[in-house]
Amino acid sequence: MKQLIEHALIVTMNERDEVIEDGSLVIDGNRLQYVGPASGCPRDGWDRVIDGSRSIAIPGLINAHNHSPANIFRGLMPTRPLEIWRAYWRAALRACSDETFYVSALLGAMEMLKTGCTTNLDHFFGNQNSRYTGAGQAVRAMRDLGLRHVVALTVTDRPYEATIPMETPKGETGDEVGRMTRAETKDTQDWLDEIESFMGELHDPDRLTTCCPGPSAVQRCTDELLQGAAAISERWGVPLHIHLAETRSQGLMGPKLYGNSLLKHLDDLGVVKPNLSTAHNVWIEPEDVEIIVERGATPVHNPASNLRLGSGLAPIPDFLAAGGRVGLGADGACSNDSQNMFDAMRLAALIHNTRDHDYRRWITARQALSMTTRWGARAFGLDCGVLEPGRLADVVLLKRDTPAFTPLNDVITQLVFCENGSSVDTVLVNGEVVVAGGRLTKMDEAALTAEVNRLYEPLRPAIRKEMQDAAVMEPSLSEMYFQVFG
Ligand SMILES: [Zn+2]
């Protein structure tokens, strides 16, 4: 199938940051064949012509860190720091089943596609009653809506109480912590076998799916699991994704467990390579920044989640000053609580300004858009994120006649600081139109939300019960939290 998008304002995000005022895009199958001035566009027989004359074309946005089971818990979690919040969110997951994981992933995919996001990294953990903890359901949902996805299977093989700076809890609290451990952990070799079969069964880039290992965090995995997961990612030629030093408590576990920072320990294991992406990177050392950049790995910034959970500000300007390329994530919808990448870009470009008076290091609109396009694609070895010939045809068309772009002064600045996703009109993923006129094309939106509600309503009592059970951990976790901050 050959498609032409003509007379659009094209923001290519190519090496030269080229913006083409009156441009055309030719899509042949799932790849871009021509991106350039409309006047130089080859003539051909088109199966479809899209008039882009009042549109801005950008590469589809990339959400580089997210947890799809969280989509049904938006607005539910209390305002607490991560360690306490996590106890509630992990408890709520115990109430879910395959069909809940499916609709939760549908819901997030719908929000992302309608706001111009075409690739999602789903760092997936559901619960162990489901096959691959439910990750196959997320794959099915994102395929059904036509969202490109990288699904990193979350694995952990260390007991929860050994991964936080807390004395082994006793009594009721100990029982609940034990439940948390049993729900999440498994023997090292069992996880490695499970990742292998997950890869074998579901990894299929032609069907939009990249599968990869996603160790939960350095301190939550044995060295054997970290190295085993890295070896699998190398053998399959896929990414490796991990949480890194999100909170102060987590950062402290480096010296406690390894006598070194978490990142340096990971580097000693030989795991820090170009295919590695690390989510958060808040409580890291200046040398960690250098190592990540030198090894060509990608730090992923999650500004909304870091604010929502009070985790802190990641040293993103340091990464950029060191020549690093950064990805951007929404993180799960119960620590954000949205999946809108325009919100994420705007926050990323704003929140660092008050920490650093040196305005020359402030994050520019161009850098924020790079994080969400070409740098995100590079993090996962995907051939998208740039509009140029040969790339995958993941393209977003935004309406130009909206307040965000009127009058048009600087398109990239306005994309980052003015747009909120509501100008998104047409979205193509892999050459297929998956959003037209701002609506999903592959599923009825009203039916989708009705189905989410139908499945969620009967779950409410079980979710409430699980969260009540988890509440017994709050005093101990709260004490730990305040101790960590002295
Ligand atoms: Zn996360």
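Here are the numbers for the structure shown:
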item	result
Residue within region 146-158 that is over 25 Å from residue 338 (Cα atoms) and modelled with pLDDT under 95 present	no
Residues (over 30 Å from residue 393 (Cα atoms) and without any contact (Cβ under 8 Å) to a residue 24 or more places away in the chain) located in region 206-235	231
Test: residue in region 11-28 that is within 16 Å of the ligand (Cβ to nearest atom), at pLDDT 95 or above and of a type in the set (S, T, N, Q)	no
When residues of region 249-264 are limited to those that are crowded, with 20+ Cβ neighbours inside 10 Å and not in a loop (DSSP other than H, G, I, E, B), the one nearest to the ligand (Cβ to nearest atom)	250
Helices (runs of 4 or more DSSP H) within region 280-359 that include 2 or more residues more than 25 Å from residue 150 (Cα to Cα), in contact (Cβ under 8 Å) with a residue 24 or more places away in the chain and away from the ligand (no atom under 16 Å from the Cβ)	286-295, 316-321
Condition broken by residue 109, with the remaining ones in (1) away from the ligand (no atom under 16 Å from the Cβ); (2) over 30 Å from residue 392 (Cα atoms); (3) surrounded by 23 or more Cβ atoms within 10 Å (Cβ to Cβ) satisfied	(2)
Positions within region 290-318 being closer than 13 Å to residue 375 by Cα and either in contact with a strand residue (DSSP E or B) (Cβ under 7 Å, 6 or more places away or on another chain) or buried (at least 22 other Cβ atoms within 10 Å of the Cβ) (or both), in sequence order	297, 298, 299, 300, 301
Test: residue in region 359-380 that is surrounded by fewer than 18 Cβ atoms within 10 Å (Cβ to Cβ), among the aromatic types (Phe, Trp, Tyr) and either within 30 Å of residue 212 (Cβ to Cβ) or not assigned by TED's automatic domain parsing to the domain that holds residue 323 (or both)	no
Subset of region 87-126 that is within 12 Å of the chain's Cα centre (by Cα) and assigned to a helix (DSSP H, G or I) - its residue that is nearest to residue 210 (Cα to Cα)	109
Which listed residue, of 96, 41, 117, is more than 22 Å from residue 445 (Cα to Cα), away from the ligand (no atom under 16 Å from the Cβ) and crowded, with 24+ Cβ neighbours inside 10 Å	96
Tally, over region 418-430, of residues that are farther than 20 Å from residue 54 by Cα and out of contact with any Asp or Glu (no Cβ under 8 Å at 6 or more places or on another chain)	0
Residue 21, sole failed condition from (1) part of a strand (DSSP E or B); (2) surrounded by 12 or more Cβ atoms within 10 Å (Cβ to Cβ)	(2)
The listed residue being of a type in the set (S, T, N, Q) and within 23 Å of the chain's Cα centre (by Cα), out of 453, 409, 420	420
Meets criteria (within 15 Å of the ligand (Cβ to nearest atom), crowded, with 24+ Cβ neighbours inside 10 Å and over 24 Å from residue 200 (Cβ atoms)) for residue 52	no
Count of region 60-77 residues which are within 16 Å of residue 141 (Cα to Cα) and more than 15 Å from the ligand (Cβ to nearest atom)	1
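Yes/no per residue for (1) among the hydroxyl-bearing types (Ser, Thr, Tyr); (2) assigned by TED's automatic domain parsing to the domain that holds residue 325; (3) at pLDDT 95 or above; (4) out of contact with any helix residue (DSSP H, G or I) (no Cβ under 7 Å at 6 or more places or on another chain):
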{"residue": "385", "(1), (2), (3), (4)": "no, no, yes, no"}
{"residue": "395", "(1), (2), (3), (4)": "no, no, yes, yes"}
{"residue": "400", "(1), (2), (3), (4)": "no, no, yes, yes"}
{"residue": "404", "(1), (2), (3), (4)": "no, no, yes, no"}
{"residue": "413", "(1), (2), (3), (4)": "yes, no, yes, no"}
{"residue": "422", "(1), (2), (3), (4)": "yes, no, yes, yes"}
{"residue": "425", "(1), (2), (3), (4)": "no, no, yes, yes"}
{"residue": "428", "(1), (2), (3), (4)": "no, no, yes, yes"}
{"residue": "433", "(1), (2), (3), (4)": "no, no, yes, yes"}
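So that you can scan it fast, the table gives a plain yes or no per residue for (1) at pLDDT below 95; (2) of a type in the set (D, E, K, R):
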residue: 298; (1), (2): no, no
residue: 305; (1), (2): no, no
residue: 313; (1), (2): no, no
residue: 317; (1), (2): no, no
residue: 331; (1), (2): no, yes
residue: 336; (1), (2): yes, no
residue: 342; (1), (2): no, no
residue: 354; (1), (2): yes, no
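The values are calculated or read from the model by the stated rules, or taken from the named source; none is laboratory data. Remember, it's a predicted structure, so these values are computed and weren't measured experimentally. Here the Cβ is made from the backbone with ideal geometry for all residues, glycine too, and neighbour counts use every protein chain on show.
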